[in-house]
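S.K.: A single structure is presented below for examination.
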Amino acid sequence: MKKLLLFPFCIAASLSLSAQEELDQSPPIPPVEQKMPEPEPVFTVVEQMPEFEGGNEALLSFISKNMVYPPNASENQIQGTIYLSYVVRSDGSLSDIKVLKSVPGGSDLNAEAIRVLKLTKGKWKPGRQNGKPVSVNLSLPIKFLLR
């Protein structure tokens, strides 16, 4: 009985070996090369710079209406100017928002400035170069003052 049990196993093992040998003899399949889309160039100066809907005055108004002075920064009398860098993409979206210059002890101010800038999403007209929308890197100072 043991011989009968082993026999089918031996046939299956030899079949899988011969199938593997056939696979090994087939020509290798070359890897499929996928082209990654080239990153969109980011300009610093273009013929027509990106614009917040309504212009700079509307942007300043939007920021002042939506900015909340962080309680921790207020209690500790932390104030000053935060400089943000960001990219207005060719579709008008924002990306790569980061703090260029901070205020000592102002991590809460940094977070609030970034939060408010993210709220402007969808309210930007992209920059244009040669009549085509392009991505443009901008910077924005945001001043936090206690009164």
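S.K.: Taking LEU145, is it in contact (Cβ under 8 Å) with a residue 12 or more places away in the chain and closer than 15 Å to LEU59 by Cβ?
M.R.: Working: in contact (Cβ under 8 Å) with a residue 12 or more places away in the chain: yes; closer than 15 Å to LEU59 by Cβ: no.
No; evaluated as a whole, the condition is false for this residue.
S.K.: Can I ask one more? Within the set of pairs 6 or more residues apart or between chains, which connect a residue that is farther than 30 Å from SER135 by Cα inside the range 71-89 to a residue that is among the small types (Gly, Ala, Ser) and part of a loop (DSSP other than H, G, I, E, B) with Cβ atoms less than 8 Å apart?
M.R.: The qualifying pairs are ALA73/GLY105; ALA73/GLY106; ASN76/GLY105; ILE78/GLY105; ILE78/GLY106.
S.K.: Go through the range 96-110 and report how many residues are of a type outside the set (Asp, Glu) and loosely packed, with under 13 Cβ neighbours inside 10 Å. Step through it out loud before you land on a result.
M.R.: Of the residues in the range 96-110, the ones of a type outside the set (Asp, Glu) are 97-107, 109-110.
Of the ones still in play, those that are also loosely packed, with under 13 Cβ neighbours inside 10 Å are 98, 100, 104.
Residues flagged as of a type outside the set (Asp, Glu) and loosely packed, with under 13 Cβ neighbours inside 10 Å within the range 96-110 amount to 3.
S.K.: Turning to a different aspect of this structure: Looking only at residues that are surrounded by 12 or more Cβ atoms within 10 Å (Cβ to Cβ), over 22 Å from the mean Cα position of the chain (by Cα) and of a type in the set (A, V, I, L, M) in the range 64-89, which one is nearest to SER102 (Cα to Cα)?
M.R.: Looking at the filtered set, the residue picked out is ILE78.
S.K.: Return the pair list, or none, for Cβ contacts closer than 9 Å from residues in the range 95-108 that are on the phi > 0 side of the Ramachandran plot to residues that are surrounded by 13 or more Cβ atoms within 10 Å (Cβ to Cβ), at least 6 apart or on different chains.
M.R.: Between residues of the range 95-108 that are on the phi > 0 side of the Ramachandran plot and residues that are surrounded by 13 or more Cβ atoms within 10 Å (Cβ to Cβ), the close pairs are ASP96/VAL42; ASP96/SER85; ASP96/TYR86; ASP96/VAL87; ASP96/ASN137; GLY105/ALA73; GLY105/ILE78.
S.K.: Now, a different point. Is it true that MET36 is at pLDDT below 70 and either basic (Lys, Arg) or within 22 Å of SER135 (Cα to Cα) (or both)?
M.R.: In short, yes.
S.K.: Tally the residues that are surrounded by 10 or more Cβ atoms within 10 Å (Cβ to Cβ), without any contact (Cβ under 8 Å) to a residue 40 or more places away in the chain and of a type in the set (A, V, I, L, M), restricting the search to the range 30-63.
M.R.: 2
S.K.: Go through the range 103-118 and give me each residue that's more than 21 Å from the chain's Cα centre (by Cα) and under 10 Å from ILE142 (Cα atoms).
M.R.: Result: LEU109, single match.
S.K.: Among residues belonging to the range 119-131 that are surrounded by 11 or more Cβ atoms within 10 Å (Cβ to Cβ) and under 11 Å from GLU47 (Cα atoms), point out the one that is farthest from the chain's Cα centre (by Cα).
M.R.: Result: GLN129.
The values are calculated or read from the model by the stated rules, or taken from the named source; none is laboratory data. Owing to the predicted nature of the structure, the values given are computational and were not obtained by experimental measurement. No Cβ is skipped: glycine too gets one built from the backbone with ideal geometry, and neighbour counts run over all protein chains shown.
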